[in-house]
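Derivation of every value follows stated rules applied to the coordinates shown; laboratory data play no part. Just so it is clear, the structure is predicted and the values come from calculations on it, not from any experiment.
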Amino acid sequence: MFFGIEWDTSSQWAFAVSIFPILLHGLVVTLQATVVGFFIALILGLILAALKSAPTRFIRWPAKLVTEFIRDTPLLIQLFFLFYVLPEFGLTLPAFLTGALALGVQYSAYTSEVYRAGLEAVAKGQREAARALNLASARAFTHIILPQAIPRIIPALGNYLVSIMKDVPVLSVVTVLEMLGVAKIIGDRTGGYLIPLSMVGGLYLVMTIIASFGVRYLDTHLPKRGLSLK
């Protein structure tokens, strides 16, 4: 008996084992949404960072305005806009893709700032050397500047990876059956929420620990050369 409630341990374990495969299906959807959303955030964030570093203000200012707009509006509003408003203009996306895109767009505003900080940390001498070698600006950026900036921003990007993973449950509002949504359905049908929600919490804990370990491993083993704060 626990807090006045009598528990049948064997039946509870049997219930947990029976719903575990169903939760694993939701786990796969969660991981897929995390990976796709993070990939979109990395690409869009890099584009925004490059635009905000452009030499002309007519490119910098719109990019900064877009970044601030994305960062200052809630993820849920952006998700609803993509899911409900875009079809009014003839563009209907699958629920999963809509959710992953919303995550990617939301976090691109944050990753763009991470990229910007990393790019500014590259020593000016690296850019001067690229110009002295008569390298095109795009080639110098992709082959010299960016590879030196990436190792320093791995921890910050890793933090956003974990944040995206923890924001995936928001996608359930547009019918994406991720892990927490599956657990809620199980609770609705069985009348018991403790076990499915506890299992989801445990799975999230495991995923977060694994992701954090992977980020630390990359941060430790990737070389950091040619970087300076000056």
Amide H within-cut-off set for Val122, under 5 Å, with H built and near neighbours excluded: Ser228
Expected-Rg normalisation [2.2 N^0.38 Å, Cα atoms] applied to segment 145-215: 1.45
P(r) of segment 37-115 over all Cα-Cα pairs, binned every 10 Å from zero, in whole percent: 21, 44, 29, 6
